[in-house]
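The values are calculated or read from the model by the stated rules, or taken from the named source; none is laboratory data. Computed from a predicted structure; not experimentally measured. Positions of Cβ are generated from backbone atoms using ideal geometry, with glycine treated the same way; all protein chains shown enter the neighbour counts. Side chains included, ligands, DNA and RNA excluded: accessible areas come from the protein's heavy atoms. Shrake-Rupley method; radii C 1.70, N 1.55, O 1.52, S 1.80 Å.
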Amino acid sequence: MPHGFTRTVYDDGYKYTMVYPPGWKYGDPRQPKVRKEPCVPGPSNPSIAGNHFFEPLEYSGLTDRQPVSAGSGARQGSTEGAQHAQNTVRSHSLRAYLAQAWLPKYVLGARVNQSVRYKWPFLPVLMRPPRARKLYLVQRIFDRDLRRAIVSLKEALGDRRLISTLAEQGEYADLTLPDTACCMLDETDAEFFDSCRLNAPSDVTKLLQAYPLRTVIKIINIFLGIANDEVCERLKFNDVNHLCPVRNAGLFDLIALPGSQPDELSLLIMAVSPLDFKNDDLEEFVRVGVPDGNLNQIGASPSPSVILWTVIWDMCLKYNCRYFVLTTYDEWVFGNLSADMHCASVTTHLRAPVFPGHMSVSARDLVRPCFPVPNVFESLFLWIFAAEDDQPDHILWPLPPDMPAPIKPSELSSLDGGLISLETGL
């Protein structure tokens with residue numbers, strides 16, 4: 001019987017093997033078949049400083065995982081075994097931590113009616129002459145291609161171990177995301193999420209900088225061997241709102257990684273408030289085919305997605321940036337632009353695993369059909385690596401094909417409704 005990919009996780013002393021149906025993709029309502037088997041872990045030592053604890057498990061988000069004992073030396077007799085358990089240095093797979101991480105839930109700010117969104121204003125500063133902006137086609141990034149690229153990157157990087165003794169020394173303070181196996185949400189952070197209120201896009205950016213971005217950058221630093229006391233400016237997200245012609249509008253917030261040249265950016269992240277950019281706006285933003293909106297003559301009642309596409313296109317053109325991310329914290333869109341800026345590729349809007357901060361999240365909570373495989377943190381991990389790749393062919397994640405002329409409707413119908421695979425191109 002043919003089947004799709006297999007995902008294996010370890011949780012609560014059991015091995016869960018999940019076999020996904022053939023052709024399964026993010027959002028597919030079909031559930032995987034789960035096989036539960038007991039496993040015998042090695043000695044545990046939860047007495048780690050702070051709220052970090054390590055189990056003797058090693059697993060990867062997309063490949064089979066086997067429990068291993070992190071200690072060295074064989075145990076002989078009950079006395080030696082007890083001493084071994086007490087002195088064992090615990091470790092945990094860094095790849096597994098990234099695959100099993102989740103985001104704490106925020107509290108929305110006070111509004112009389114949260115279903116009423118902010119009306120996006122007319123922005124004459126974005127007006128351009130006809131044909132000034134030339135985005136001819138938006139095409140889909142398929143989840144199978146994304147999964148394949150992340151698996152290849154993981155295999156190329158190998159794995160690293162999170163060591164309990166280093167956690168005691170504060171070496172992993174920047175790993176602020178909780179996960180299902182080795183990191184709990186700090187009590188101070190849990191109280192913060194209970195009390196803070198998310199209103200503006202800048203509030204989204206603050207959460208991004210403090211949790212997912214901080215964590216993923218730290219993971220990249222560990223893989224690249226960058227020590228805590230070293231500063232890598234290329235891996236530091238900066239506020240770039242001052243570079244955008246739209247100022248103080250409260251519509252979005254912009255941060256970016258610097259490019260290889262002083263006047264360039266490598267990865268642009270646009271944060272929008274979930275109060276003002278709803279699911280239908282996300283659906284419109286990721287719609288494939290010929291863009292419906294006119295990116296040059298923006299009307300008096302502009303579509304939010306048209307405004308965001310306009311700003312992204314302008315920023316990427318001016319600062320030679322080809323990779324971008326749009327996020328509301330809960331939902332994420334990863335995209336890039338062709339070298340000639342005429343073609344864009346985007347994922348669907350991918351849901352982040354967001355749970356209440358005090359919830360005990362298990363590995364089984366992360367395999368719901370509403371969450372993509374790989375998760376958004378693994379996709380962000382890939383996107384940062386791809387954006388920092390200075391090679392013209394962009395091996396990690398290629399740019400969409402150049403498009404010298406606008407696509408005709410007759411040509412679009414032959415491209416399977418505009419859903420164009422990166423493998424086949426145009």
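Each row is one residue, and each column tells you yes or no for (1) out of contact with any Gly (no Cβ under 6 Å at 6 or more places or on another chain); (2) open to solvent by 10 Å² or more (accessible area, probe 1.4 Å); (3) closer than 17 Å to PHE385 by Cβ; (4) not polar (S, T, N, Q).
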{"residue": "CYS183", "(1), (2), (3), (4)": "yes, no, no, yes"}
{"residue": "ASP189", "(1), (2), (3), (4)": "yes, yes, no, yes"}
{"residue": "ASP203", "(1), (2), (3), (4)": "yes, yes, no, yes"}
{"residue": "LEU208", "(1), (2), (3), (4)": "yes, no, no, yes"}
{"residue": "ASN221", "(1), (2), (3), (4)": "yes, yes, yes, no"}
{"residue": "ALA227", "(1), (2), (3), (4)": "yes, yes, no, yes"}
> Pairs, please: C-beta under 8 Å, at least 6 apart or cross-chain, first residue β-branched (Val, Ile, Thr) and in segment 96-108, second at pLDDT below 95 and open to solvent by 10 Å² or more (accessible area, probe 1.4 Å)?
Replying inline: VAL107/ASP194; VAL107/SER195; VAL107/CYS196; VAL107/ARG197
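Matching residues to (1) part of a helix (DSSP H, G or I); (2) closer than 26 Å to ASP330 by Cβ; (3) within 16 Å of the chain's Cα centre (by Cα):
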| residue | (1), (2), (3) |
| --- | --- |
| ASN221 | yes, no, no |
| ILE226 | no, no, no |
| GLY250 | no, yes, no |
| LEU254 | no, yes, no |
| PRO262 | no, no, no |
| LEU268 | no, yes, yes |
| PRO274 | no, yes, no |
| ARG287 | no, yes, no |
> Which ones in segment 318-364 are of a type in the set (S, T, N, Q), under 30 Å from SER195 (Cα atoms) and either touching a strand residue (DSSP E or B) at 6+ places or on another chain (Cβ under 6 Å) or buried (at least 22 other Cβ atoms within 10 Å of the Cβ) (or both)?
Replying inline: THR327, THR328, SER362
> Taking segment 83-122 as the search range and keeping residues that are within 24 Å of VAL204 (Cβ to Cβ), under 24 Å from the mean Cα position of the chain (by Cα) and among the hydrophobic types (A, V, I, L, M, F, W, C), which one is modelled with the lowest pLDDT?
Replying inline: LEU108
> Does segment 381-388 contain any residue that is out of contact with any Leu (no Cβ under 8 Å at 6 or more places or on another chain), open to solvent by 10 Å² or more (accessible area, probe 1.4 Å) and farther than 12 Å from TRP102 by Cβ?
Replying inline: no
> Filter segment 131-181 for residues that are part of a helix (DSSP H, G or I) and charged (D, E, K, R); which is surrounded by the most Cβ atoms within 10 Å (Cβ to Cβ)?
Replying inline: LYS154
>> Taking the condition of being touching a strand residue (DSSP E or B) at 6+ places or on another chain (Cβ under 9 Å) and open to solvent by 20 Å² or more (accessible area, probe 1.4 Å), how many residues in segment 266-287 meet it?
In response: 3
>> For segment 170-185, give me each residue that is among the small types (Gly, Ala, Ser) and within 14 Å of ILE217 (Cα to Cα).
In response: ALA173
